[in-house]
Every structure is written in structure tokens, then in C-alpha cells.
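One structure below.
The values are calculated or read from the model by the stated rules, or taken from the named source; none is laboratory data. From a predicted model like this one, the values you see are computed outputs, not experimental measurements. All Cβ positions, glycine included, derive from the backbone under ideal geometry; neighbour counts span all protein chains shown.
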Amino acid sequence: MLLAIVFALLGSAGALIGAALLLRFPDAVRTRLLPCLVAYATGTLLGAAFLGMIPKALEQVPPLAISGTVLAGIVLFFVLEKLVLWRHCHDRDCTVHGQQGGKLILLGDAFHNFVDGVVIAAAFLISIPVGIATALAVIAHEIPQELGDFAVLLASGFNKARAFTYNLLSSLATLPGVLLGWFWLDEMRQAIPYILALSAASFIYIAVADLVPGLHKRTGAKATLLQLILMLAGIATIALFRLSH
């Protein structure tokens, strides 16, 4: 349980601090770094879903049940995003974020971090390697997300100190998610494969619905090649970790 809590803190507060440090870079440097982070995060999310969560879930229940759960999860997250309950945006000019304002960003981010905590707890209950691989994917996609959220809060009138404080409080929602997930799932281990399948669905949805469209805005051959290399590096990070265990 201690490892789950440590990696949950790394995945939320650690990513938030990383994003805050990135905000101190000049605009030109940050603009160049963000697409690289998004491309790498895309690879880690897909790697964790297809190389870690789904295979582990398939070891315990029939394939049709897992594939159906993943499909249902993708539809669920589409609906949630439509309701602006769960938003992973990396574009400071996003019209949805601009209309809803900073408080809605904090609400959605708190919900997202709570679910991340449940995801990490479920993965650590399967095994330590799966838990660490899942946490790495969470950390990788949290940094660009938090950077995007910071930009939205600043555009909504928050100063940097207030934006950091409120975002930190929102990120701490990961902890109750870990605790609830750990004790609830420990008593109902038969639910773990389905939780992993839903978690995989969330990772897949974030990657293909929120991150990939942003990557497609850069269409040059050099930018595309760099994105592909970084995406494969993200997948390789998860694959190597899984193979080493």
C-alpha cells in the first residue's frame, strides 16, 4: 500500500511541480517542449493499456468480458468529456475551457486525479511491476495536462501562486482515490480485472481523443518523425519495464 501512495503522490503532486517548473521556462522553450511531452505521454498511455492492464485482466476473466468493458469504458469517457466532467486539454486557446472558467477546470481535475488514484491502487493489487508501469503512464500524461490546466487558470484571472495552490489541492484528490481503491478492491478482488479494463479504456481514450489530435496539428515531416520516435519511446519504456519483471 505504501508504494501505491508514493507513486500516487508522484503522479499528482510530482507532475504538478514538474508542470510548474516548466512554466518558468521562456515561452519559446515551453512551446517546443510541450509537444514532445504529449507525444511521449501518448506512448506510455497506450503501452500501459495494451501491454500491462489488458493482458493482466485477460488472465482472470473471459476475453469478451474484458473487450466489452473496454468498449463500454470508451463510450463512458466520451459522455463524461461531453459533460465537461473530465477534460484533458493541452491547448491554452481551448474554447470549452475558456467558456467554463478556472473553477470548472479544478473540479474536473480533482475528479480525474481521484480516478487516477483508484487506477494506481488496482494496478498495485495485481503486482508491483504493473502498478509501477501504470503510475509511470499516469505521471507522463499528468505533466502536459497540468501545464495546460495552469495556462487555463492564468488566462481565467488566477495569479501564479493561486493557480499553483488550487491545482495542488485538486491534485491531492489522488490520495483518497488510492485509499478507497486499495481497501475496496482488496475486499472484492473479482472486480479488479474490470477496473483494469476501465482504466485501460481511460488511457486509450485520453491518448487517441485528447493527445493525438494535438499532435496532428504539426504536420511537417521532421515534427512527425520526432513525434513517432517519442511515442515509440513511451511504449518502449513500458515494454522494457514489463520485460525486466
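What the table shows:
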quantity	calculated
Selection count where residues are in contact with an Asp or Glu (Cβ under 8 Å, 6 or more places away or on another chain) and either at pLDDT below 75 or outside any helix (DSSP H, G or I) (or both), scope the stretch 113-144	1
Residue in the stretch 167-174 that is among the β-branched types (Val, Ile, Thr), within 22 Å of Leu80 (Cα to Cα) and at pLDDT 80 or above present	yes
Residue check for Lys217: under 28 Å from Val70 (Cβ atoms) and among the charged types (D, E, K, R)	yes
Scope the stretch 43-60; condition at pLDDT below 90, surrounded by fewer than 23 Cβ atoms within 10 Å (Cβ to Cβ) and among the hydrophobic types (A, V, I, L, M, F, W, C); matching residues	Leu51
Scan of the stretch 25-57 for residues that are free of Cβ contacts under 8 Å to residues at least 40 places away in the same chain and not basic (Lys, Arg), ordered by number	Phe25, Pro26, Asp27, Ala28, Val29, Thr31, Leu33, Pro55
